[in-house]
Amino acid sequence: MSEEPIVRFENVSKRFAFTKEDPQSVLETVISFFSRSKQKSDRDLWALRNVSFEVMPGQGFGFVGRNGCGKSTLLKLITQILRPNEGRIVVHGRVGALLELGAGFHPDLTGRENIFLNAAVVGLSQAETKAKFDSIVAFSELGDYINMPVKYYSSGMYMRLGFSVAIHIEPDILIVDEILAVGDQAFQAKCIDAIIDLKRQGTTIIIVSHNINMIQTLCTHLVWLEKGEVVAAGPVEAVVPKYVEFSYAREGLQLKNVDFERVGDQTVELTAVRLLDSTEAEQNVFKTGDALTVEMEYFAHKPIPNPEFGLAIHRQDGVHVNGPNTQLAGLDVGMIEGAGVIRYEIETLPLLPARYKITAAIHDSRFPHCYDLHNEAYSFRLVPGGTNELWGLVEMQAFWKMQKN
C-alpha cells in the first residue's frame, strides 16, 4: 500500500452565506419591518470547521454524525462539487460518487443516455462505455426501463442506476452517501457485496451512513463529526463505541421529555416515576443483563386500603412484554395515606435491544376503579453490548449442551 494519501484534508472549513432577499409583497414588507436584520456573521453557517484527515489507498473510510453535522458537505468537497473557504484538499485518482438521488442525471434523458453522459464526465470514451454498458444494465436490473427518461424513475430505480454506473467506471475512490438506504434489502446486499469486491481489488471506499453495522463491515477507519468539527478519528473499533455511547446518551435525555395520557380521579396520585440503575442513579439506557428499578412516588389524599400498584411494559412496536402488579405478587401494601414510595426491582433485565415504554398505574384492588394511570409515559432503551442474542424479545436463561452417543 502506498504511503501517499489518496485523499487529504488540511484544516478545511466550508461556510454557507445566507443573503436576505428584498420583500416582494406587502405582507413580506410588514414581516421584514418587524424582523430586525442580523449582522452578516449571524447569517453565515459554517458547515465544516478546521477538518483534517488522511485516507490511504485501499482503505475503507467512514464518516458518522447526526444530520446536519457536515458529512454530505464533506463528500461534495472531495468530489469538487463544492470548494472550501479555508484549508487545502488533495485528491488523487478517478472518483465514482453516489450522492443525492438523481445527482449527475439529466431528467429528460433516458437511463441509457445518462449512462453515456456520466461515463463521459469521468473520462471514459464512448467505446469504453459501450463495452461496459450491458454489465451496467444487468447489475442495475432495470431491464427495458433503461430506455425510459429518468424523470419517471422511482427513488429505488435512481439508486440502482447511479450505483451501477459508479462501480463500473473503475474508480480509484468510490464515495457512497446514505443513498443506499432507499433500495430494497436484496439490492442493498448486492451493493454491499460489490463494494467489498472493489475494496479487495484496491479501490478506496469512502462512505457516509447512520448504519453502524454497515460502517463496521465496510470501513477500517472512521471520523465522527459534530457541528462541522471532528470529535474523534481513528480505527473503527476505537471510534464506534464512543459514538454509540454519545448517541444513546442523547436519546436518554430525550426519553425523559414525554407527554402522556393521564386518567383516574387521583385520590391517590403518582407524583414521580423514576427508572434507576444498579447504582440507584436515574437512567433511561440499559443493556441486557443490567439491573433496573422502577421507583414510584405517590400521595394518598385520604386513607386507601391496600391499593394495587402496577406496570405495563410494551416494546416500541406494541408488543406487551409484561404486566406486573402488587396484587399478583401477593404484596399487601396495607392502608396508605399521605406520601410514600413503592419500587419494582428487576435484578437482571432479560430484554433484547429495542425501545420500551412503561405505563404506571394505581388501582383499587377490590373494584375496577382507577386512581391514577400514566399511559406509556416512561421510556427506556436496551442497547447492544449486553448479549450476543439478536432475535426475539428476551434472552433466555439457558445454555447449549452437547451429548455424544
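Just so it is clear, none of the values below were taken in a lab; they were calculated from the coordinates. As the structure is a prediction and not an experimental result, all values here were calculated from the model. Positions of Cβ are generated from backbone atoms using ideal geometry, with glycine treated the same way; all protein chains shown enter the neighbour counts.
To the nearest 10 degrees, how steeply does helix 111-121 sit against the main Cα axis of the chain, on a 0 to 90 scale?
Tilt of helix 111-121: around 70 degrees.
Quick one: Karplus J couplings for the stretch 310-324, per residue in order, coefficients 6.51, -1.76, 1.60, θ = phi - 60°, nearest Hz, x for Gly and Pro?
x, 9, 10, 10, 10, 6, 4, 8, x, 5, 7, 7, 6, x, x
Please tell me the relative contact order of the chain in percent, rounded to the nearest whole number, where contacts are Cα pairs under 8 Å and at least six residues apart.
Computed over the chain, the figure is 14 percent.
Please report the antiparallel percentage of the DSSP beta bridges confined to the chain, to the nearest 5.
75
Using the Karplus curve 6.51 cos²θ - 1.76 cosθ + 1.60 with θ = phi - 60°, what ³J(HN,Hα) values do you get for each residue of the stretch 302-308, in whole Hz, with x for Gly and Pro?
Rounded to whole hertz, the list is 7, x, 10, x, 6, x, 9.
Where does the longest stretch of the chain lie that holds no chymotrypsin sites (Phe, Trp or Tyr not before Pro) found in a DSSP loop with 14 or fewer other Cβ atoms within 10 Å?
My reading of the result: 19-259 is the longest stretch.
Determine the alpha carbon to alpha carbon distance for each of LYS242/LYS287; LYS14/LYS71; LYS199/LYS242; LYS71/LYS357 and list only those over 21 Å.
LYS199/LYS242; LYS71/LYS357
Give me, ordered by chain and number, the residues 5 or more places off GLY289 or on other chains with an amide H under 5 Å from its own placed amide H.
Residues meeting the criterion, in which the H sits 1.01 Å from N, are LEU349, LEU351.
Arrange CYS69, CYS370 by Cβ neighbour counts within 10 Å, fewest through most, would you?
CYS370, CYS69
Give me the dipole magnitude in Debye, nearest 20, for the chain about the Cα centre, with unit charges on the beta carbon: positive for Lys and Arg, negative for Asp and Glu.
Roughly 1140 debye for the chain.
No solvent, one uniform scatterer per C-alpha: report log10 I(q)/I(0) for the chain via the Debye equation at q = 0.09, 0.10, 0.13 1/Å, two decimals.
Log10 I(q)/I(0), no solvent term: -0.79, -0.89, -1.10.
So what's the angle, to the nearest 10 degrees on a 0 to 90 scale, between helix 236-255 and the longest Cα principal axis of the chain?
Taking the Cα atoms of the chain, the angle to 236-255 is about 50 degrees.
Test of understanding: ordering LEU331, LEU142, LEU222 by Cβ neighbours within 10 Å, fewest first, what list do you get?
If I rank by nearby Cβ atoms, fewest first, I get LEU331, LEU142, LEU222.
From the C-alpha coordinates alone, can you work out the Kirkwood hydrodynamic radius of the stretch 261-383, in Å?
14.8
Can you give the convex hull volume of the alpha carbon atoms of the stretch 318-405 per residue, in Å³?
182
Which residue fluctuates the most in the chain, going by a Gaussian network model with Cα springs under 10 Å, if the choices are LYS14, LYS71, LYS132?
LYS132
Could you pull out every residue, at least 5 positions away or on a different chain, whose amide H is within less than 5 Å of the one on ILE207? Hs are placed 1.01 Å off N in the peptide plane, and Pro or chain starts have none.
Correct list: PHE61, GLY62, PHE63, VAL176.
Name the long-range amide H neighbours of GLU376: under 5 Å, sequence gap of 5 or more, or other chain; modelled H, no Pro or chain starts.
THR359, ALA360
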